[in-house]
1. Could you check Ala275 against (1) crowded, with 24+ Cβ neighbours inside 10 Å; (2) out of contact with any strand residue (DSSP E or B) (no Cβ under 8 Å at 6 or more places or on another chain) and say which number it fails?
2. Select from region 316-351 the residues that are among the charged types (D, E, K, R) and assigned to a loop (DSSP other than H, G, I, E, B) and write down the one among them that is farthest from Gly261 (Cα to Cα).
3. So is Val330 on the phi < 0 side of the Ramachandran plot, at pLDDT 95 or above and within 21 Å of the chain's Cα centre (by Cα) or not?
4. Hey, can you tell me all the residues within region 154-204 that are among the polar types (S, T, N, Q), under 17 Å from the mean Cα position of the chain (by Cα) and either within 12 Å of Ser222 (Cα to Cα) or open to solvent by less than 30 Å² (accessible area, probe 1.4 Å) (or both)?
5. Any residue in region 54-67 that is at pLDDT 90 or above and in a loop (DSSP other than H, G, I, E, B) sitting within a Cβ distance under 9 Å of a residue that is open to solvent by less than 30 Å² (accessible area, probe 1.4 Å) and among the charged types (D, E, K, R)? List the pairs, counting only those 6 or more apart or interchain.
6. Inside region 125-153, can you point out the residues that are closer than 20 Å to Trp51 by Cα and either hydrophobic (A, V, I, L, M, F, W, C) or not in a helix (DSSP H, G or I) (or both)?
7. Taking the residues in region 313-343 that are without any contact (Cβ under 8 Å) to a residue 40 or more places away in the chain and basic (Lys, Arg) as candidates, determine which candidate is least open to solvent (accessible area, probe 1.4 Å).
Amino acid sequence: MTAASPIERISAAHARLAPRLGGGAAWARRRHAALGRLVERGLPDRRDENWKYLDHARIGEYAFDAEPAARPAPDSAAARLLGVPGAHRVVLVDGRHSAPLSTPAPTGLEVVDIADLIERDPEGANSLLRAPGDAADDRYALLADAFAAGGVLIRVAAGCEVAEPVYLAHVTTAGSPAVHQARVVVDAGAGARLTLFEHFVALGEAAALGNLAAELALGEGSAVSHLRLHEHGPAAAQVETWVVRAAAHSRYEQHLLVLGGRLLRSNLDLVLEGAHAACRLDGLFLADGDRQVDLLTKVTHRGAATETVQEYRGVAAARGRGAFNGRVTVEASARGSNASQTSRNLLLSPLAEINTRPQLEINVDDVQCRHGATTGTLDDEHVFYLRSRGLDEAAARALLTFAFCRDLIGRVPLAAVREAAEALVAGALPDRDLIRGAV
């Protein structure tokens, strides 16, 4: 008997679970419409240009038709969270907001449980959440919409500066094989200031896939610093779709650190809509063992004098595979824009692989745009220098690799996150005690 495809398993799960998801007739129609579009178009595969490097068979191994498992006790999930002094904590467990693990929001910051909003105000929730499109890069967001049941809205009032970071933790219980859907909406009002730390962890060793559909709106003159640390266990995987819209004079920074998990596919669709909007995107991934990391960034300059700076670095070892696909589009209305994109990658073993595709599409003359990419091995002269100072070859290579990663980690604005990332990188390399002694 031929095994059921992911789409067939998704359809079977939807038939069983949809009646329990709440929201009445309005949400039932929305979920069925999303499922219908997904079934008609199918999940992305290697024929889709932006998805050709991803191991789709590996994603297909996850239990799309599994029943939701019981949630763990709060104490077991709390043990996996990072200590961030003063942070306002917002926790999602298997895609659902956990009030016992979260902390009260301060004045000017509103945190709303989307599952609760769907129940008490279905029409309001329907208008709040973006309806995904039909493009290949949005199909996993369609999947999340088809099962929309939980998540969180984080809203910062206009003119409010949230002094301490908001710690948004995604905890996968992994007690049994499952696929968990989640929605996140972040709304920064005009002139607002926010540091958002997003952290992905898993409790168990079972194969669990998280699917996140998220959106962030920056009001005029607002600023959001977005830190993202993926620390999933070796069997857990994540697919995520972030849609970011930046108004005039706003600034968005993202620091992406992919240092755990079996597989990650990350989609970022960012539009600089207003004049003088700016963004900086830093990303670091470590693909060791047989892990796979696949990053897609699409940045559109729509407003005049907008600015983008991107720097992504990847390290692949053993049979690890990585990919970075970055596309910058400068529209005719974006005169005076400035865009820079860099991808630098290290291969530490003969079977490791990293594919990189920086791209520019420029539709106006008065701009400054540049991009570049390198993929190679460690410099033998640098290795020789360290060996001449008394290190063996393995230690010299580990120290150089750590330095390559630390350049980007050092830009992360929260000390607790920097230290956690440095420890994760050091723990994946030989001679970790030497490395820790050198930092």
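The values are calculated or read from the model by the stated rules, or taken from the named source; none is laboratory data. Here the structure is a predicted model, which means the values were calculated and not measured. Please note: Cβ atoms are built from the backbone with ideal geometry, for glycine as well, and neighbour counts cover all protein chains shown. Protein only, heavy atoms only, side chains kept; ligands, DNA and RNA dropped before computing areas. Shrake-Rupley method; radii C 1.70, N 1.55, O 1.52, S 1.80 Å.
1. It fails just one condition, (1).
2. Arg335
3. On the way: on the phi < 0 side of the Ramachandran plot: yes; at pLDDT 95 or above: yes; within 21 Å of the chain's Cα centre (by Cα): no.
Spelling it out, it is not the case that Val330 is on the phi < 0 side of the Ramachandran plot, at pLDDT 95 or above and within 21 Å of the chain's Cα centre (by Cα).
4. Applying the first criterion (among the polar types (S, T, N, Q)) to region 154-204 yields 172-173, 176, 181, 195.
From the residues that got through so far, the ones that are under 17 Å from the mean Cα position of the chain (by Cα) too are 172, 181, 195.
If the condition is that a residue be among the polar types (S, T, N, Q), under 17 Å from the mean Cα position of the chain (by Cα) and either within 12 Å of Ser222 (Cα to Cα) or open to solvent by less than 30 Å² (accessible area, probe 1.4 Å) (or both), then Thr172, Thr195 are the ones that fit.
5. Leu54/Arg265; Leu54/Asp294; Asp55/Asp294
6. In the first step, residues of region 125-153 are kept if they are closer than 20 Å to Trp51 by Cα; the result is 132-144.
Once the filter is applied, which keeps residues that are closer than 20 Å to Trp51 by Cα and either hydrophobic (A, V, I, L, M, F, W, C) or not in a helix (DSSP H, G or I) (or both), region 125-153 yields Pro132, Gly133, Asp134, Ala135, Ala136, Ala141, Leu142, Leu143, Ala144.
7. Arg327
Yes/no matrix, rows are residues, columns are (1) of a type in the set (D, E, K, R); (2) open to solvent by 50 Å² or more (accessible area, probe 1.4 Å); (3) more than 29 Å from Glu419 (Cα to Cα):
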site	(1), (2), (3)
Trp27	no, no, yes
Ala34	no, no, yes
Ala66	no, no, yes
Ala79	no, yes, no
Gly83	no, yes, no
Arg89	yes, yes, no
Ser98	no, no, no
Ser102	no, no, no
